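Participant: Dropping a structure here in structure tokens format, bear with me for questions.
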């Protein structure tokens, strides 16, 4: 579904993130996290703007602590970017949309240059 961040969990992690083609942005968040709630609408906007170029996923760290631990997610929100199953960039904390776009554009430029 384009235009909105999609939920990912332990059961769908490999298919949705590790084996997904292209760039995948994963928001590690929790329901009780205020800054996570502030970032959520920005991520939905990014999912819409970059539809077809970027997959935006949300992982609830309370429900999926094993995955959060695997990537040393110590504070939330943490945004991890994956390419070909590898974490390639990490942003910790709430950021303005402009900062997310700068990282996404940079990563998309790198992937098109190497493709």
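No lab work stands behind these numbers, since they all come straight from the coordinates. Given the structure is predicted, the values throughout are model-derived calculations rather than measurements. Neighbour counts run over all protein chains shown; Cβ positions are idealised from the backbone, glycine included.
Participant: Could you pull out the residue among 63, 16 that is farther than 19 Å from residue 98 by Cα and under 12 Å from the mean Cα position of the chain (by Cα)?
Facilitator: Values: 63 fails: under 12 Å from the mean Cα position of the chain (by Cα).
Within the list 63, 16, the selection yields 16.
Participant: Just for region 30-73: of the residues that are assigned to a loop (DSSP other than H, G, I, E, B) and touching a strand residue (DSSP E or B) at 6+ places or on another chain (Cβ under 8 Å), which one is surrounded by the fewest Cβ atoms within 10 Å (Cβ to Cβ)? If you could, list the steps in order and put the result at the bottom.
Facilitator: Quick first cut of region 30-73, residues assigned to a loop (DSSP other than H, G, I, E, B) only: 30-33, 50-53, 61-64, 71-73.
Next, only the ones that are touching a strand residue (DSSP E or B) at 6+ places or on another chain (Cβ under 8 Å) stay: 30-31, 50, 53, 61, 71, 73.
Numbers: 30: 15, 31: 10, 50: 19, 53: 13, 61: 21, 71: 15, 73: 21.
So, considering only residues that are assigned to a loop (DSSP other than H, G, I, E, B) and touching a strand residue (DSSP E or B) at 6+ places or on another chain (Cβ under 8 Å), the one surrounded by the fewest Cβ atoms within 10 Å (Cβ to Cβ) is 31.
Participant: In addition: Of the conditions (1) touching a helix residue (DSSP H, G or I) at 6+ places or on another chain (Cβ under 6 Å); (2) assigned to a helix (DSSP H, G or I), residue 24 satisfies every one except a single condition; which number is it?
Facilitator: Status for residue 24: all satisfied but (2).
Participant: Moving on. Mind checking which residues of region 89-98 are surrounded by 13 or more Cβ atoms within 10 Å (Cβ to Cβ), outside any loop (DSSP other than H, G, I, E, B) and over 11 Å from the mean Cα position of the chain (by Cα)?
Facilitator: 92, 97 - these are the residues of region 89-98 that are surrounded by 13 or more Cβ atoms within 10 Å (Cβ to Cβ), outside any loop (DSSP other than H, G, I, E, B) and over 11 Å from the mean Cα position of the chain (by Cα).
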